[in-house]
Amino acid sequence: MRTQGTERRRRRANMATQALRYQLQSCCEDGRIEAMVVADGDGLPLASSGDTFACDEVAARMVLVGPRIKEFNGTLLGAGHSWQVQMMKFEVDGSELLVCAVGGTPEARKRQLTRGAEGALRILAA
């Protein structure tokens, strides 16, 4: 239960993309996750934290792998790479977005994925 006046954020941002980056960076640090990304329905990253190459590749490939699925948890293969990935889709103002977590334990990915999606909803709805 949060009390009024308790501020959990360590950093503030005036721009939504920077606020999303801060949110994802905090998720990566707290969950010991390699990378996280929030992307649009075309797989274009809106914000990311961690390994930029992994974020770009995972976002682009997740859109192709599962255009009709809402969640994914498994190994994603790319040119000379493989990533342990968890993804979930969510809607903001009628647009479908996805959030992906790369690396870490399955439990950490799940926890930080939920946190990242909730943070993205809050930030983008503001």
For this session: Could you identify the single residue in Leu20, Leu46 that is part of a strand (DSSP E or B), of a type outside the set (Lys, Arg) and modelled with pLDDT under 95?
Result: Leu46
Problem set entry | Filter result (within 15 Å of Ala126 (Cβ to Cβ) and in contact (Cβ under 8 Å) with a residue 24 or more places away in the chain) within region 22-37 | Gln23
Problem set entry | Residue, most open to solvent (accessible area, probe 1.4 Å), within region 19-55, restricted to residues that are in contact with a strand residue (DSSP E or B) (Cβ under 7 Å, 6 or more places away or on another chain) and of a type in the set (Ser, Thr, Tyr) | Ser48
Exercise. Is it true that some residue in region 68-81 is in contact (Cβ under 8 Å) with a residue 40 or more places away in the chain and either in contact with a helix residue (DSSP H, G or I) (Cβ under 6 Å, 6 or more places away or on another chain) or open to solvent by 20 Å² or more (accessible area, probe 1.4 Å) (or both)?
Worked result: no
Exercise. Given the residues Leu76, Leu98, which is the only one that is closer than 13 Å to Ala120 by Cβ and touching a strand residue (DSSP E or B) at 6+ places or on another chain (Cβ under 6 Å)?
Worked result: Leu98
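Residues checked against (1) under 15 Å from Glu29 (Cα atoms); (2) over 12 Å from the mean Cα position of the chain (by Cα); (3) among the charged types (D, E, K, R):
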| position | (1), (2), (3) |
| --- | --- |
| Asp56 | no, no, yes |
| Val63 | no, yes, no |
| Glu71 | no, yes, yes |
| Thr75 | no, yes, no |
| Met87 | no, no, no |
| Leu97 | no, no, no |
| Glu107 | yes, yes, yes |
Exercise. Of the residues that sit in region 84-112 and are buried (at least 21 other Cβ atoms within 10 Å of the Cβ) and touching a residue at least 40 places away in the same chain (Cβ under 8 Å), which one is farthest from Val38 (Cα to Cα)?
Worked result: Gly104
For this session: May I ask you to verify whether Ser49 is small (Gly, Ala, Ser), closer than 18 Å to Gln18 by Cβ and free of Cβ contacts under 8 Å to residues at least 40 places away in the same chain?
Result: yes
For this session: Kindly list the number of the only condition in (1) of a type in the set (Lys, Arg); (2) within 23 Å of Glu29 (Cβ to Cβ); (3) under 11 Å from the mean Cα position of the chain (by Cα) that fails for Arg122.
Result: (3)
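The values are calculated or read from the model by the stated rules, or taken from the named source; none is laboratory data. If you're wondering where the values come from, they're calculated on a predicted model, not measured in any experiment. Note: ideal-geometry Cβ built from the backbone for every residue, glycine included; neighbour counts use all protein chains shown. Side chains are part of the model used for accessible areas, which takes the heavy atoms of the whole protein and leaves out ligands, DNA and RNA. Shrake-Rupley method; radii C 1.70, N 1.55, O 1.52, S 1.80 Å.
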